[in-house]
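The structure under discussion appears below in the form of structure tokens.
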Amino acid sequence: MQPPRTIHFNSAVPAMLDAILCRATNRDPLARYATASALADDLRQYLIAPDATTHVASQTKRPNPIIRRVVVGLAASVVAALVGIGALSYMGVQSSVANVDSKVDLQSEFANS
């Protein structure tokens, strides 16, 4: 349940100011202003044009925390996969070098005998 709108108590409150107050006091933290600066921007806009019929000026919302977790998890998985691929590649190169070295040793032994 949301807090009551100011228009219900005083019908003289302009719609834009009511929208700003409604957003500032919203029970859902993600629906509120993300920063005090965003609230100040909307209040300044209201003071410049109090009769404006447009919606609240700043529409920035905080990113959804679930999406943020998924993105971070995906990034961590990609990094882990790249590290794993790099390690396997390094080990493959090292084993190839070791095989070449052993072949050279065998050839030199065969040539010396």
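The values are calculated or read from the model by the stated rules, or taken from the named source; none is laboratory data. Note that the structure is predicted; figures quoted are calculated from it, not measured. Note that each Cβ is placed from the backbone with ideal geometry, even for glycine, and that neighbours are counted across all protein chains shown.
Within the range 41-55, identify whether any single residue is of a type outside the set (A, V, I, L, M, F, W, C), touching a Lys or Arg at 6+ places or on another chain (Cβ under 7 Å) and free of Cβ contacts under 8 Å to residues at least 12 places away in the same chain, and answer yes or no. The answer is no, given that none of the residues of the range 41-55 is of a type outside the set (A, V, I, L, M, F, W, C), touching a Lys or Arg at 6+ places or on another chain (Cβ under 7 Å) and free of Cβ contacts under 8 Å to residues at least 12 places away in the same chain.
Here is a yes/no grid of residues against (1) more than 21 Å from the chain's Cα centre (by Cα); (2) at pLDDT below 70; (3) in a helix (DSSP H, G or I):
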| position | (1), (2), (3) |
| --- | --- |
| Gln59 | no, yes, no |
| Arg69 | no, no, yes |
| Val72 | no, no, yes |
| Ala75 | no, no, yes |
| Ala80 | no, no, yes |
| Ala87 | yes, no, yes |
| Ala98 | yes, no, yes |
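Taking residues in the range 7-20 that are acidic (Asp, Glu), and partners anywhere that are part of a helix (DSSP H, G or I), the pairs with Cβ atoms closer than 8 Å and at least 6 places apart or on different chains are Asp18/Thr6; Asp18/Ile7. Checked against the criterion of being at pLDDT 80 or above and β-branched (Val, Ile, Thr), the candidates Thr25, Thr54 yield just one match: Thr25.
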